[in-house]
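Structure first, then comments.
Just so it is clear, none of the values below were taken in a lab; they were calculated from the coordinates. The shown structure was predicted, so the numbers you read here are calculated from the model rather than taken from an experiment. Cβ placement follows ideal geometry from the backbone for every residue including glycine, while neighbour counts extend to all protein chains displayed.
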Amino acid sequence: MAYEELKQEIIDYSKSIGIDKVGFASVDVFTELKSRLERQQDLGYQSGFEKGSVEERTNPVKLMPEAQSIISIALAYPSRLKDAPKSKKGERRGLFCRASWGKDYHDILRDKLEKLAAFLSEKVYGFNYRSMVDTGELSDRAVAERAGIGFSGKNTTLITPEFGSYVYLGEMITNVPFTPDEPVEDSCGECTKCIDACPTGALVQGGQLNAQKCIAFLTQTKDFLPDEYRGKLGNRIYGCDTCQLVCPKNRKKDFHLHPEMEPDPEVVKPKLVPLLSMSNREFKEKFGDIAGSWRGKKPIQRNAIIALGHYKEESAVEELIRLMKKDPRPVIRGTAAWSLGKIGTEEAFEAIEAAKQIETDEQVQFEMDKGLEFKETARQHA
């Protein structure tokens, strides 16, 4: 079979089903990535969300013995929110990162890859494949880089010439020997804007991320958020876009090519106080279709509580007192106590002191003490 002709057919077909970029890569071992991952492990920089061993994550043949090539796809997503509601006193709002706007991208890309697989099944006898999006063993970014979709920026995102880094990535390992495409030249140059702007210093150096310090990772954890990151969170309730927003390659990049990716402003920039009393069912109804809901409501609510403290939102005091006294989850009770202290009204401090008398969880008591420390700090500055 003329694989070059088929390759062109795939490129044409992919455009017809709404794939914005497609590239082809070899199944050689990702040697540079392998050494980087081993170093990440040694330094304790991994998030813990990674799937598979280093060997599986860097050797496609380990995942599919008959692998001959990898098809990489990219879809551009919007970077600007139309008609964004304002966050104002008495009605503060949180923010989901751009990669979580619109319908969950995992579903969108899996659907495109399945269509691509069906197309190839009709063209190639004995066609076999394995697809993955974000949660598979392979690094979507490393595959896309090898396939010529873009280059890996210092902010550890894949940067495409056309769409900047605002792209979702997925790939398909196949048993078809397609010719690999040429990689795109790295053009970050001397720029370090992303490293300089990272709120927590998670970008240790160009291309190296300490996931344990990254706000995008921290917003997805379920335990108490370490003290040193609470002030850095701002109003982010899921993910972080800072290193993308400051990137010169993303200037004026805003694409609205896929209706299903269009964000609902009330979903991606929701009011914070109503979030705190949502049932699981209500949370699923409102946020269940977006990628940022995958960890459930607890991390989102914890982050919303911290954001209310960040705003010193006095109108939230009553609801935060209710959570501190009655919520069955220690992380929520304790974070509410901390946030009440940060807001710093007399009512808030009195409520913390009263609740502390009946609280039995040591960690929650510790958070209550932190909340009361704000009173002493306020006194000193008075």
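Karplus-derived 3J(HN,Hα) values for segment 253-270, using 6.51 cos²θ - 1.76 cosθ + 1.60 with θ = phi - 60°, are 8, 8, 10, 10, 9, 10, x, 5, 8, 5, x, 8, x, 6, 8, 8, 9, x Hz; glycine and proline are entered as x. Put in order of Cβ neighbour count within 10 Å, fewest first, the listed residues Leu340, Leu275 become Leu275, Leu340.
Of the residues Leu95, Val54, Leu43, the one whose Cα sits farthest towards the positive end of the charge dipole of segment 1-96 is Leu95 (charges of +1 on Lys and Arg Cβ, -1 on Asp and Glu Cβ, taken about the Cα centre). Within segment 6-84, the trypsin sites (Lys or Arg not before Pro) that combine a DSSP coil assignment with at most 16 other C-beta atoms in a 10 angstrom radius are Lys51, Arg80, Lys82. Site-free segments of the chain were taken between chymotrypsin sites (Phe, Trp or Tyr not before Pro) in DSSP loops having at most 15 other Cβ atoms within 10 Å, sites themselves excluded; the longest one is 128-293. Of the GluC sites (Glu not before Pro) found in segment 8-70, those in coil by DSSP whose Cβ has at most 15 other Cβ atoms within 10 Å are Glu66. A straight line joining the Cα centroids of segment 178-242 and segment 284-314 runs 20 Å.
The aspartates and glutamates whose alpha-carbon is closer than 17 Å to the alpha-carbon of Lys154, local same-chain residues fewer than 8 away aside, are Glu32, Asp140, Glu145, Glu185, Asp186, Glu190, Asp196, Asp241. By the compact-protein rule of thumb, 2.2 N^0.38 Å, the alpha-carbon radius of gyration of the chain corresponds to a ratio of 1.10.
Considering only alpha-carbon pairs that sit under 8 angstrom and 6 or more positions apart, the relative contact order computed for the chain is 19 percent. Of Ile352, Ile11, the sequence from fewest to most neighbouring Cβ atoms within 10 angstrom is Ile11, Ile352. Could you work out how far helix 3-16 tilts from the main Cα principal axis of the chain, as a 0 to 90 degree angle to the nearest 10? In the chain, helix 3-16 runs at an angle near 40 degrees to the longest axis.
By the Cβ distance rule of under 4.7 Å, the chain has these cysteines without a partner: Cys97, Cys188, Cys191, Cys198, Cys214, Cys240, Cys247. Ranked for footprinting exposure by Cβ neighbours inside 10 Å, fewest first, Val167, Val29, Val22 give Val29, Val22, Val167.
Of Lys62/Lys249; Lys222/Lys342; Lys232/Lys325; Lys249/Lys342, which sit over 29 Å apart, Cα to Cα?
Too far apart for the 29 Å limit: Lys62/Lys249; Lys249/Lys342.
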